[in-house]
Amino acid sequence: MTFVTGVLAVFPKYYAKVNTRSKKGVFVNSVQYDPQAQQLNADIEKQSPQLLSMLSERGKGIYFPKLGILSQSADAKGKAINATIGTALEEDGSPMALPSLAKLNPLAKDKIFPYAPSPGTPALRSQWQQMLYQKNPGLQGKTFSEPVVSCALTHGLSMAGYLFCDEGDTVLTPDLYWENYELAFSRAYGAKIETFKTFSESGLFNLAELKQKFTSQAPKKWILSLNFPNNPTGYTLLEKEVKPLVEALLAAAKQGHRLVILVDDAYFGLVFEKDVYKQSLFVDLCDLHPNILAVKIDGATKEDYAWGFRVGFITFGIQGANPSVYKAMEAKAAGAIRGNISNGPNPSQSMLLATYQSESYAQEKEQKYAILKARYDKLKSILDSHPEYQQEFTALPFNSGYFMCVKPLRVDAESLRQRLLQEYSTGVIAFSGIIRVAFSSTPSSQLEQLFDNLYQACKGL
């Protein structure tokens with residue numbers, strides 16, 4: 001394979017407009033996909049042709065290289081002399097490291113300084129998969145891919161965009177969504193973000209408007225993002241809402257729509273009410289229909305309070321897929337990661353693996369959860385005990401996560417934010433006429449003052 005051919009195979013957008021494309025998405029004329037990409041596509045198409053049609057042109061063209069530097073380095077592993085690795089080693093063969101840097105981490109140098117594999121450290125990937133089963137009992141007996149390690153959730157979302165978003169594709173999301181979706185999908189890959197109202201008049205998830213999106217259009221490919229607990233609202237589906245949602249998505253798939261559903265589980269596990277759905281929607285979607293691909297994007301960032309570690313996971317599930325399909329999807333994700341950042345950070349992966357295998361891990365998680373739950377309970381109590389607040393703002397539905405939102409009734413949200421900063425030394429986030437409050441970062445002792453400041457600032461305006 002020549003250098004030019006390899007580059008064009010990895011970045012097909014640069015020649016998509018000057019070459020004729022067959023109905024199956026394989027470029028003809030002068031340039032075709034790399035044979036390694038073609039083999040992955042064939043493995044997917046044989047068992048799951050719908051999945052192949054969901055991939056973007058980048059997704060069809062990407063592969064994890066097994067014939068170049070990586071494979072030759074693997075061939076030399078264990079040999080007496082190995083001059084293949086692009087790292088520096090000490091005379092005794094251990095990783096070269098600055099002593100002042102090495103002493104900052106108690107783990108062995110080989111767990112910190114060498115590159116991690118592009119798909120992630122194998123032991124961590126296996127550990128996370130087992131934890132998925134533990135945290136989601138409904139996954140027992142179901143098959144899905146092994147998680148691939150991303151550089152946290154933003155990178156996981158970006159890699160999903162790489163694999164599935166062509167220019168002009170529709171990314172469907174509730175209208176209250178994380179603003180980084182714009183950069184990850186629209187600006188980076190040219191997808192069009194289309195929204196529906198997040199909440200119905202009854203204060204539940206607006207399923208009727210979501211269903212209308214599908215019924216009003218001819219069958220096509222959609223990328224649908226479902227983020228629960230939701231950023232910014234802090235809302236998770238109630239148990240009674242899950243079955244109707246799943247039935248609606250199944251009906252759309254049977255109608256002929258192809259759905260790539262991004263299950264954005266950034267805040268997974270942080271639910272604070274008994275009637276809230278405790279499992280990931282990935283449980284219900286990963287084997288629902290051949291026209292539905294569930295892509296679970298999660299990680300340690302919020303779940304394990306490790307924001308700076310930048311470790312996330314991408315997991316695929318679709319009805320009818322066999323191990324060869326999942327291996328192909330893992331290879332494509334790993335190829336996209338290799339071409340994007342090479343690999344995620346080894347120190348973070350090693351430290352998280354050690355944490356997950358620690359006997360105290362579960363207890364420590366419960367302790368941190370209890371702190372956030374106590375803040376949530378106090379916040380609810382504050383709102384209940386101050387009916388006068390409803391004259392100035394209303395709280396949007398919330399039951400989980402890091403955040404809650406209020407809608408000012410008589411004042412502009414941005415003007416309110418500025419007044420809070422200047423006169424009350426209080427910072428909040430304003431967007432789309434709404435104020436987002438992060439109780440995750442607000443000590444319990446400050447919550448009452450925070451909401452009194454909100455109320456007084458509204459009255460002052």
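The values are calculated or read from the model by the stated rules, or taken from the named source; none is laboratory data. Everything numeric in this text was worked out from a predicted model, so none of it was measured. Cβ placement follows ideal geometry from the backbone for every residue including glycine, while neighbour counts extend to all protein chains displayed. Side chains included, ligands, DNA and RNA excluded: accessible areas come from the protein's heavy atoms. Shrake-Rupley method; radii C 1.70, N 1.55, O 1.52, S 1.80 Å.
To make sure I understand the rule: partners must be lysines, Cα under 20 Å from the Cα of K109, and not fewer than 8 residues away in the same chain. Which ones qualify?
Reachable lysines: K77.
Would you work out which of F316, A123, L383 lies farthest towards the positive end of the dipole of the chain, given +1 charges on the beta-carbon of Lys and Arg and -1 on that of Asp and Glu, about the Cα centre?
Highest projection toward the positive end goes to F316.
Quick one: Cα centre-to-centre distance for segment 336-393 and segment 248-283, in angstrom?
20 Å
About the Cα centre of segment 267-383, how large is the charge dipole given +1 on each Lys and Arg Cβ and -1 on each Asp and Glu Cβ? Please answer in debye to the nearest 20.
The calculated dipole for segment 267-383 is roughly 320 debye.
Using a Förster distance of 25 angstrom, determine the FRET efficiency expected from the C-beta separation of S71 and I341, and round it to 0.05. Present the calculation step by step, with values, prior to reporting the outcome.
Numbers: r = 20 Å, r/R0 = 0.81.
The value I calculate is 0.75.
Could you state, as a whole-number percent, how many of the C-alpha pairs of segment 81-123 are farther apart than 15 Å? Don't skip to the answer; put the middle values down first.
Values: 442 of 903 pairs.
Across segment 81-123, Cα pairs with separations above 15 Å total 49 percent.
For segment 118-241, max minus min Cα coordinate along each principal axis, in Å, sorted largest first?
45, 36, 29
In this model, which of K211/K296; K197/K365; K60/K135; K254/K332 are farther than 29 Å apart at the alpha-carbon?
Values: K211/K296 22 Å; K197/K365 34 Å; K60/K135 32 Å; K254/K332 27 Å.
Too far apart for the 29 Å limit: K197/K365; K60/K135.
Just tell me which lysines come within less than 21 Å, Cα to Cα, of K103; anything on the same chain fewer than 8 places away is out.
Cross-link targets: K111.
For segment 227-302, give the percent of accessible area contributed by carbon and sulfur heavy atoms, probe 1.4 Å, rounded to a whole number.
Values: 1090 of 2090 Å².
Accessible surface attributable to carbon and sulfur in segment 227-302 totals 52 percent.
Using unit Cβ charges (K, R positive; D, E negative) and no other charged atoms, how large, in debye to the nearest 20, is the dipole of segment 145-201 about its Cα centre? Don't skip to the answer; put the middle values down first.
Values: 3 positive and 9 negative charges, 20 e Å.
For segment 145-201, the charge dipole is close to 100 debye.
What whole-number value in Å² describes the accessible area per residue of segment 76-211 for a 1.4 Å probe?
Averaged over the residues of segment 76-211, the accessible area is 52 Å².
Rounded to the nearest 20 Debye, what is the dipole magnitude of the chain about its Cα centre when Lys and Arg each give +1 and Asp and Glu each give -1 at the C-beta?
Details: 48 positive and 44 negative charges, 223 e Å.
It works out to roughly 1060 debye.
Roll a 1.4 angstrom probe over the protein heavy atoms and tell me the percent of accessible area of segment 345-444 that is carbon or sulfur.
Values: 2440 of 4940 Å².
Accessible surface attributable to carbon and sulfur in segment 345-444 totals 49 percent.
Take the alpha carbon atoms of segment 224-316, find their radius of gyration, then divide it by 2.2 N^0.38 Å using N residues; give the quotient. Can you show the working numbers first?
On the way: Rg = 13.7 Å, N = 93, 2.2 N^0.38 = 12.3 Å.
The value comes to 1.11.
Can you list the HN-Hα couplings for segment 422-439, worked out from phi with the Karplus curve (6.51, -1.76, 1.60; θ = phi - 60°), rounded to whole Hz and with x for Gly and Pro?
Working through the residues one at a time gives 7, 10, 10, 6, 10, x, 9, 10, 10, 6, 6, x, 10, 10, 9, 10, 8, 6 Hz.
Hey, if you put +1 on the Cβ of every Lys and Arg and -1 on every Asp and Glu Cβ in the chain, which of A248, L447, F199 ends up farthest toward the positive end of that dipole?
Selected residue: A248.
Taking the Cβ of P219 as the centre, find all other residues whose Cβ is under 12 Å away and add up their charges (Lys, Arg: +1; Asp, Glu: -1).
Numbers: positive: K220, K221, K254, R258; negative: none.
Within the 12 Å Cβ shell, the charges total +4.
Can you say what percent of the DSSP beta bridges in the chain, counting only those with both residues inside, are antiparallel? Round to 5. Walk me through the numbers before you get to the answer.
On the way: 25 of 45 bridges.
Rounded to the nearest five, the antiparallel share is 55 percent.
Could you sort R419, R58 by their accessible area in this structure, using a 1.4 Å probe and putting the largest first? Spell out each step's value before the answer.
Details: R419 55, R58 35 Å².
The ordering from most to least exposed comes out as R419, R58.
Tell me the per residue accessible area of segment 300-392 using a 1.4 Å probe; a whole number in Å² is fine. Walk me through the numbers before you get to the answer.
Details: 4090 Å² over 93 residues.
Averaged over the residues of segment 300-392, the accessible area is 44 Å².
To the nearest 10 degrees, how steeply does helix 152-164 sit against the main Cα axis of the chain, on a 0 to 90 scale?
60 degrees
Order E179, E303, E201 by their accessible area, 1.4 angstrom probe, all chains in place, largest first.
On the way: E179 145, E303 5, E201 175 Å².
Result, largest first: E201, E179, E303.
For segment 73-222, give the percent of accessible area contributed by carbon and sulfur heavy atoms, probe 1.4 Å, rounded to a whole number. Present the calculation step by step, with values, prior to reporting the outcome.
Values: 4260 of 7810 Å².
The computed percentage sits at 55.
In terms of the Cα gyration tensor, with a ≥ b ≥ c the square roots of its eigenvalues, is segment 387-459 rounded because a/c is under 1.5, prolate because a/b exceeds b/c, or oblate? Don't skip to the answer; put the middle values down first.
Numbers: a/c = 1.35, a/b = 1.15, b/c = 1.17.
Cα axes put segment 387-459 in the rounded bin.
Can you compute the helix-only [θ] at 222 nm over the chain? Use -39500 (n - 2.57) per DSSP H run of at least 4 residues, normalise by all residues, nearest 500 deg cm²/dmol.
Numbers: 17 runs with 187 residues, N = 461.
The per-residue figure over the chain is -12500 deg cm²/dmol.
Show T154, T198 ordered by accessible area, largest first, where the area counts protein heavy atoms only and the probe is 1.4 Å.
Details: T154 50, T198 10 Å².
Of T154, T198, the descending order of accessible area is T154, T198.
Can you work out the accessible area per residue across segment 218-264, with the rest of the protein chains kept in place, probe 1.4 Å, in square angstrom?
Working: 1380 Å² over 47 residues.
Value for segment 218-264: 29 Å² per residue.
At 4 °C and 1.567 mPa s, what whole-number value in µm²/s does Stokes-Einstein give for the translational diffusion of the chain, with Rh from the Kirkwood sum over Cα pairs? Don't jump to the answer; show the numbers that get you there.
On the way: Rh = 24.0 Å.
Rounded, D is 54 µm²/s.
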